[in-house]
Amino acid sequence: MAPLGPGGTAARHRAVRRLLARTRLTARPWPGGGWQLADRAGRWRHCEGLDALWTAVRALSGPVITPDPGDTTRDWSLPRPYAPDPHTLVVWTAAALRAGPASGALTVRAAGWSLTGGADPDTAPVLHREESDPAAGGVRVEAPWGARTLATHLARVCAPPDEPA
């Protein structure tokens with residue numbers, strides 16, 4: 001995972017809030033590390049990391065990213081100049097990897113960053129800087145299936161709140 005650095009906790013929290021907006025759950029960073037996940041009744045649980053958070057969310061309310069079984073694309077790019085920060089990429093990719101039963105590997109490339117993960121819950125996605133031009137924009141998703149659907153969803157998460165994707 002990417003080191004948090006200054007503002008990283010707040011950036012990841014914003015991305016988590018955006019993904020949980022349509023659920024009846026809330027999450028906030030846990031001071032000792034990880035996340036505190038709460039339902040509307042006030043019951044909460046501690047999740048040690050993003051993978052544990054999205055696994056718990058899926059168990060409580062279903063996946064926040066729903067794969068489209070009819071989407072057979074393996075590679076999809078959105079040319080519009082989205083500028084996701086690396087923290088949004090980390091949060092979204094962790095959620096996408098826990099979205100459905102047929103994950104496999106997932107690679108997301110955007111804004112000079114690449115994030116690769118597998119379906120194994122014990123293996124965290126790996127984020128690294130790419131040599132591409134970060135000003136070029138766009139989002140590219142590579143997955144065993146459903147890349148178009150996943151790229152479109154990621155673009156919505158990365159769009160400014162007042163701008164529809």
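Residues that are open to solvent by 20 Å² or more (accessible area, probe 1.4 Å), part of a helix (DSSP H, G or I), at pLDDT 80 or above and touching a strand residue (DSSP E or B) at 6+ places or on another chain (Cβ under 6 Å) occur in the range 140-149; there is at least one. Within the range 18-43, the set of residues being modelled with pLDDT of 95 or more and out of contact with any helix residue (DSSP H, G or I) (no Cβ under 9 Å at 6 or more places or on another chain) comprises Gln36, Ala38. Summed over the range 115-139, the residues that are more than 15 Å from Pro79 (Cα to Cα), modelled with pLDDT under 80 and of a type in the set (Gly, Ala, Ser) give a count of 3.
The residues of the range 5-61 that are free of Cβ contacts under 8 Å to residues at least 12 places away in the same chain, open to solvent by less than 90 Å² (accessible area, probe 1.4 Å), assigned to a loop (DSSP other than H, G, I, E, B) and over 20 Å from Leu154 (Cβ atoms), listed by number, are Gly5, Gly7, Gly32, Ala41, Gly42.
The values are calculated or read from the model by the stated rules, or taken from the named source; none is laboratory data. Model, not experiment: these values are computed from the prediction. When we count neighbours, we look across all protein chains shown, and the Cβ atoms used for this are built from the backbone with ideal geometry, even at glycine. Please note that ligands, DNA and RNA were not included when accessible areas were found on the heavy atoms of the full protein model with its side chains. Shrake-Rupley method; radii C 1.70, N 1.55, O 1.52, S 1.80 Å.
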